[in-house]
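**Student:** Quick one: the structure is below, and I'll ask about it shortly.
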Amino acid sequence: MSDSQLTLKQTNHRVDEWTKHILARVHSNHSILRMMILVVVAFGLFALLSPRVFLTGLNMQNMLLAVPEIGILAVAMMVAMLTGGIDLSLVSIANLAAITISTSFTALAAHDKALAENLGPALILLALLVGLAAGAVNGFLIAYVGVTPILATLGTMQIFNGLAVVWTGGKTLYGSPSGLTLFGKTAIWVIPALFLVFIAIAGVVAFLIGRTPLGLGLTLEGANPVASRYSGINSRSLLMRSYLLTGLLGAVAGIVFIARNPTASADYGASYVLLVIVIAVLGGTNPNGGFATVAGVFLAAMTLQVVQSGFTALRLSTFQYSIAQGAILITVLIVDQVNWSKVFRRNRRTSRA
């Protein structure tokens, strides 16, 4: 190949990369802008309908305190969906992590309460290891055995739930290190510390997805697994690491569970599975893989939390909130399917005629 042909090939490659980068930025900005509009509209609507309840400082603080556990699970779901997969076992992993902390603390405190309090950081580390172990099981089944993600995580969800029920006897457990409970109640100025944890985790995952080879590999794997395999990417290792990450994030959500409320049970957050999928999709995550934005998921979690708080302020039921969730999701999906530039061009031609 001559030097001129080589230069032309390199130039074409650079143009292709630049175009893909610009298109990705446009798509990302589109998802983020859409969610920013939704959160502002939802906030403004409920502020107008119930200002005396919705706009109180206590309600604002409760919103910021409630969103981290859902938000962290949604970010974990986003990571799984980025590869074209899904993780239905996330809530079960979170519950296992919370139960690990509660049962270990209670067992230690029965002999020496001071020792149990001092071992609080070790118990948190143990809960994170439980999340990693659960993620490793999911990753092994999906990456090395070849089980479809939805079936693999459906099966492990049942296993983890069953383990939690057997472990707790189906009862709600009470007890956790006082330092963890204190952290859950701490606010810096008026912002709950748990919300700052959520922001930090979202920032770390955004960095991993957008700035590291791991994030690029996950995106390519989700966009075109066959092409990524022929590009020399080790798909099995990549998928394994992605489910280890989702398991770890699930355990962090479990720690947030027990920090916010010092209890643990096998059925806590049973309705969260579908909710975190809704949040991930609302945030712009492609369910078929290849595209996701952490900022979009963050704003989607905030939007649904605003809607939930608004419904509570208006004294509407949880069933009506579920209907609203579905209506918002369907509306956003319909809006995404419409080619608005084509509609505008057609209207312009009609008005000129």
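The values are calculated or read from the model by the stated rules, or taken from the named source; none is laboratory data. Computed from a predicted model, the values in this text were never measured in an experiment. Heads up, the Cβs are rebuilt from the backbone with ideal geometry, glycines too, and the neighbour counts pull from every protein chain shown. Keep in mind that these areas ignore ligands, DNA and RNA; they rest on the heavy atoms of the full protein, side chains included. Shrake-Rupley method; radii C 1.70, N 1.55, O 1.52, S 1.80 Å.
**Student:** Note the listed values (1) 0.97; (2) 1.10; (3) 1.01, then indicate which one is Cα Rg over 2.2 N^0.38 Å calculated from this particular structure.
**Tutor:** (2)
**Student:** Sequence gap at least 6, Cα distance under 8 Å: using those rules, report the relative contact order of the chain to the nearest whole percent. Let's see the in-between values first.
**Tutor:** Values: 504 pairs, mean separation 112.8, N = 353.
Reported relative contact order: 32 percent.
**Student:** Under a 1.4 Å probe, what is the accessible area of the chain per residue, stated in Å²?
**Tutor:** Numbers: 18430 Å² over 353 residues.
Using a 1.4 Å probe on heavy atoms only, each residue of the chain averages 52 Å².
**Student:** In debye, nearest 20, what is the charge dipole magnitude of the chain about its Cα centre with +1 on Lys and Arg Cβ and -1 on Asp and Glu Cβ, if you could check?
**Tutor:** So the dipole magnitude of the chain works out to roughly 1260 debye.
**Student:** Based on alpha-carbon centroids, what's the gap between the stretch 140-162 and the stretch 268-328 in Å, whole number please?
**Tutor:** If you average the Cα positions of each part, the centres end up 24 Å apart.
**Student:** Additional query: When ranked by the protection proxy of mean other Cβ atoms within 10 Å per residue, highest first, what sequence do the peptides 82-91, 117-126 form? Write down the numbers at each step before the final one.
**Tutor:** Working: 82-91: 26.4, 117-126: 15.8.
Going from most to least packed, we get 82-91, 117-126.
**Student:** Tell me, what % of the accessible area of the chain is carbon and sulfur with a 1.4 angstrom probe? Before the final figure, lay out each step's value.
**Tutor:** Values: 12380 of 18430 Å².
Result for the chain: 67 percent of the exposed heavy-atom area is carbon or sulfur.
**Student:** If you don't mind, another one. Could you point to the residue in Thr285, Leu64, Ala164 farthest towards the positive end of the chain's charge dipole, with +1 and -1 charges on the Cβ of Lys/Arg and Asp/Glu respectively?
**Tutor:** So the residue furthest toward the plus end is Thr285.
**Student:** Could you state the angle between the C-alpha long axis of helix 149-168 and the longest principal axis of the C-alpha atoms of the chain, as a value from 0 to 90 degrees rounded to the nearest 10?
**Tutor:** 10
**Student:** Which of the trypsin sites (Lys or Arg not before Pro) across the stretch 100-186 are loop residues per DSSP, with 15 or fewer other Cβ within 10 Å?
**Tutor:** Within the stretch 100-186, the qualifying trypsin sites (Lys or Arg not before Pro) (loop, at most 15 other Cβ atoms within 10 Å) are Lys171.
**Student:** Mind ranking 68-77, 294-303, 39-48, 271-280 by how tightly packed they are, going by the mean number of other C-beta atoms within 10 angstrom, highest first? Intermediate values should be presented prior to the final figure.
**Tutor:** Values: 68-77: 28.9, 294-303: 26.2, 39-48: 15.5, 271-280: 21.2.
Packing order, densest peptide first, comes out as 68-77, 294-303, 271-280, 39-48.
**Student:** Determine by what factor the alpha-carbon radius of gyration of the stretch 63-186 differs from 2.2 N^0.38 Å, reporting the quotient.
**Tutor:** Numbers: Rg = 16.0 Å, N = 124, 2.2 N^0.38 = 13.7 Å.
Cα-based Rg divided by the globular estimate yields 1.16.
**Student:** What are the semi-axes of the equivalent ellipsoid of the stretch 230-348, taken as the square roots of 5 times the eigenvalues of the Cα gyration tensor, listed largest first and rounded to whole Å? Please report the intermediate quantities before stating the final value.
**Tutor:** Numbers: eigenvalues 174, 147, 21 Å².
Ellipsoid semi-axes (Å, largest first): 29, 27, 10.
**Student:** If you don't mind, another one. By how many degrees, 0 to 90 and rounded to 10, does the Cα axis of helix 213-223 deviate from the longest principal axis of the chain?
**Tutor:** Approximately 70 degrees, to the nearest 10.
**Student:** Shifting gears a bit: Please list Leu218, Leu38, Leu154 in order of solvent-accessible area, largest first, computed with a 1.4 Å probe with all protein chains present. List each step's numbers first, then the result.
**Tutor:** On the way: Leu218 5, Leu38 50, Leu154 70 Å².
From most accessible down to least: Leu154, Leu38, Leu218.
**Student:** What is the distance in Å between the Cα centres of the stretch 86-100 and the stretch 165-223?
**Tutor:** 12
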